[in-house]
Amino acid sequence: FNSMPFKRMCPRHGSFVCYLKFAVIALSTIVLISTIDFINTTFRQRSISSVIARSWHARTPYLVDTSACKIPNIDPFDPSIAHFIKPQRKPVTCNKRPSFTFENGTMLQINWTAVSQSKWNGQFGYCKIQPIYRPPNNHDNNYFTYLEISDEFNDTIEMKHEFVRVLCYNSNHGKIHTNFHQFILPKPDVDERCSLAFVKHKDSPNVRETLNVVMIGVDSISRLNSQRYLKRMRNYLLKELGAFEMTGYNKVADNTFVNIVPMTMGKFLEEVPWNESMSKIPFDDYDFIWKQFASKGYRTLYAEDAPEIAIFDYLKSGFHRPPADYFNRHFSLAMTTDKSVWYDNHNCVTDRLETNIILSYIYNYIDMYKYSPYFAFSFITGLTHDFLSSAGYADVPYLEFLKKLRENEQLNNTVLILYSDHGMRFGKMRESYIGKMEERLPFLFFVFPQWFLAKYPDYTENLQTNTRRLTTPFDIYETLSDILHFNEFIPVRRGFKNRGISLFREIPEDRGCEEAGILPHWCTCAEFQTLSPTNEIVQKVANNMIKEINIQLNEVSKRCAFLRLGKIKNAIKLLPSEKVLRFEESKNDVINRFVKYGDRSKAQVNYQLTFSTVPGNALFEATMQFDERDDSYKMISDISRINEYGHQGDCIDVHKLRKFCYCKS
């Protein structure tokens with residue numbers, strides 16, 4: 001009240017009205033400043049999200065367009081493959097068998113609503129649980145057993161076991177219902193180990209941030225197929241979560257196993273070392289990335305469905321010791337073995353989608369440890385593995401999972417990595433040119449906390465740049481390593497060449513498949529061939545491009561002259577690798593690795609031209625696609641004007657046509 005504004009407003013001290021007026025004005029000012037600050041912060045964060053989510057709006061012929069790699073930007077609904085694409089599938093609704101029990105945190109409860117609506121209403125008796133057990137040191141990755149059955153209960157019980165089978169009976173003691181449940185329970189020995197290790201890790205002078213990691217893998221979905229069938233999930237990732245989509249993500253080997261190993265160990269199989277002669281040796285002693293996180297005090301989780309074809313178990317010995325603090329294999333085995341609970345093509349268990357059972361397990365783990373450091377690795381196969389259109393079943397489950405994470409603020413200190421291993425590897429679609437390409441290009445998204453992106457703009461810029469660079473599973477491994485040992489002074493190392501490069505650094509512009517560790521028959525980078533301007537096909541392509549320009553000029557033809565071809569400055573032919581076009585199959589991952597080639601698939605060939613036009617001496621650059629299958633031509637890029645056009649188009653006000661227009665007067 002000794003301030004000058006107050007004395008000017010209230011010259012007569014002691015006036016209650018003046019005191020009140022001044023207090024209201026002061027309070028209003030504080031609220032206004034706080035509101036402006038909030039809006040500014042929100043706008044800055046939304047701006048970051050919009051920059052990340054913004055896709056390139058101009059038609060571009062390439063996902064990656066660098067000096068060493070050009071990956072074609074293929075239309076997911078290209079007419080040549082339209083007959084393979086089935087209508088969007090409706091979500092799987094698991095509503096044929098109501099569940100008489102449900103999980104509520106660490107409690108198991110009777111679902112009396114479901115009971116009352118069933119034929120057992122009035123005859124329901126009680127339930128019992130059977131814990132599903134696997135010894136911590138085991139010599140069989142497929143082993144599990146049921147422990148002694150519990151006493152009866154008919155309301156709610158506190159769980160002391162992570163995984164249980166539930167058996168329910170009627171009032172005459174006849175079994176009427178079977179169910180399976182999983183729980184994330186605190187583990188004092190894990191908490192003690194993690195607390196000690198994490199304090200030491202966090203106190204390291206080089207570690208500036210500690211971020212949690214959640215990795216969710218979806219089997220056999222290419223980036224193109226995610227555009228066809230996972231539209232809502234993709235839209236939410238890009239627009240609401242501000243995800244970075246690595247559009248040039250190229251697999252480095254054939255199947256799931258040989259792509260997950262580089263992602264989680266940073267090595268090819270033979271470097272691990274592992275080969276087919278070692279199939280009876282478990283993977284317990286290998287240095288997976290989750291072990292590195294565990295050594296620094298992070299709780300860890302490993303979860304898969306489809307245990308018979310799990311990554312490290314199919315034709316292999318899996319893990320004899322749990323690879324993580326929370327491990328669901330024996331639960332998944334027990335549930336799969338009990339045929340009575342399944343229906344709808346082995347997608348539904350009582351009233352739950354199998355995929356949702358795994359996602360729920362991951363969510364409960366995240367929720368349990370949201371204030372502690374954690375790492376979660378998962379891979380979900382059953383829903384999407386078998387058919388191209390099966391991906392449509394996954395759209396809603398993953399969308400709802402992502403919404404739940406965001407709405408409950410589970411991503412505030414967490415990096416979410418949503419990825420696939422490869423596209424569809426079998427079927428008629430796979431024999432086509434587009435099928436061969438998309439098999440090699442799975443989808444990959446990174447979601448970072450908004451505060452992190454605002455705090456480290458250089459890394460944000462590099463991540464955005466890398467969405468249009470050639471990337472591989474090796475880069476995921478290096479990124480995970482940088483997250484674990486995060487230091488804000490990690491050098492950007494522009495131009496740094498290495499097989500695996502953290503996505504916090506800029507992937508070099510001149511990186512090709514050889515530098516990235518991608519074998520030639522998996523490489524989706526187009527092969528370059530410089531052509532003479534007098535080449536017959538080049539001339540035909542150029543004239544088609546002129547025709548395209550004049551079609552657009554037709555609406556302003558009274559003011560603008562139609563254009564003619566001047567000179568072709570340069571012409572480049574780009575087509576997929578011959579080894580990709582002739583690839584049929586590969587056998588064996590390490591020993592006697594064998595690649596079978598066959599007849600060359602007819603492909604779509606891109607011609608990139610720079611040419612001038614008359615009148616006006618305009619200089620344009622564009623890409624046209626020639627389809628070898630039906631000898632057709634199609635523009636697949638915007639036509640770019642690459643020299644100044646000054647006042648040549650001043651006679652029209654149609655902005656998109658000014659670059660083409662040469663005014664008649």
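Every number here is computed from the coordinates shown, using simple stated rules; none is lab data. Note that this is a predicted model, so its numbers are computed, not measured. Using ideal geometry, Cβ is built from the backbone for each residue, glycine included, and neighbour counts are taken over all protein chains shown.
Here the 3J(HN,Hα) profile of the stretch 178-186, calculated from phi with Karplus coefficients 6.51, -1.76 and 1.60 at θ = phi - 60°, is 10, 8, 10, 9, 10, 9, 8, 10, x Hz, Gly and Pro shown as x. When the Cα convex hull of the stretch 299-360 is projected onto planes of every orientation, the mean area is 4.6 nm².
Phi-derived couplings, Karplus 6.51 cos²θ - 1.76 cosθ + 1.60 at θ = phi - 60°, listed residue by residue for the stretch 414-424: 10, 9, 9, 10, 10, 9, 10, 8, 5, x, 5 Hz, with x used for Gly and Pro. Find the percent of Cα-Cα distances in the chain that exceed 33 Å, and round it to a whole number. Pairs farther apart than 33 Å: 57 percent. Comparing Cα centroids, the stretch 584-626 and the stretch 146-213 end up 52 angstrom apart. Evaluating 6.51 cos²θ - 1.76 cosθ + 1.60 at θ = phi - 60° for every residue in the stretch 386-399, the Karplus couplings come out as 8, 9, 4, 7, 4, 4, x, 5, 8, 4, 5, x, 6, 4 Hz, glycine and proline recorded as x.
Amide hydrogen proximity for ASN570: with H placed 1.01 Å from N in the peptide plane, the residues at 5 or more positions away or on another chain lying under 5 Å are THR610. Stretching ASN588 away from ARG600 to a fully extended chain increases their span by 2.0 nm, per 0.36 nm per residue minus the current alpha-carbon distance. Counting only lysines at least 8 places from LYS160 when in the same chain, those with an alpha carbon closer than 25 Å to its own are LYS128, LYS175, LYS187, LYS370. The angle between the Cα long axis of helix 256-265 and the longest principal axis of the Cα atoms of the chain comes to about 90 degrees, rounded to the nearest 10. Distance from the alpha carbon centroid of the stretch 79-103 to that of the stretch 419-480 works out to 26 angstrom. Put simply, the amide H of CYS348, placed in the peptide plane, has neighbours under 5 Å in TYR343, GLU354, leaving out anything fewer than 5 places away on its chain.
Taking a straight Cα-Cα cut-off under 30 Å and skipping sequence neighbours fewer than 8 places away in the same chain, the lysines within cross-link reach of LYS569 are LYS70, LYS540, LYS547, LYS558, LYS602, LYS634, LYS656, LYS659, LYS664.
Our analysis of the stretch 89-196 gives Rg over Rh at 1.05, with the two radii drawn from alpha carbon positions and Rh computed by the Kirkwood formula. Taking every alpha-carbon pair under 8 Å whose residues sit at least 6 apart, the chain reaches a relative contact order of 16 percent. Treating the angle as unsigned and between 0 and 90°, give the value, to the nearest 10°, between the Cα long axis of helix 354-368 and the longest Cα principal axis of the chain. It works out to around 80 degrees. Taking only the C-alpha atoms of the stretch 193-293, Rg followed by Dmax gives 18.0, 47 Å. Quick check: the angle from helix 16-53's long axis to the longest principal axis of the chain, C-alpha only, nearest 10 degrees? Long axis of 16-53 versus the principal axis of the chain: about 70 degrees. Sorting 508-521, 288-301 by average packing, meaning the other beta carbons within 10 Å per residue, from highest down gives 288-301, 508-521.
By the Cα gyration tensor, the stretch 294-429 has an equivalent ellipsoid whose semi-axes, rounded to whole angstrom, run 25, 19, 16 from largest to smallest.
When you work out D = kT/(6 pi eta Rh) for the stretch 527-658 at 4 °C and 1.567 mPa s, using the Kirkwood radius from C-alpha pairs as Rh and the Stokes-Einstein form, the result is 76 µm²/s.
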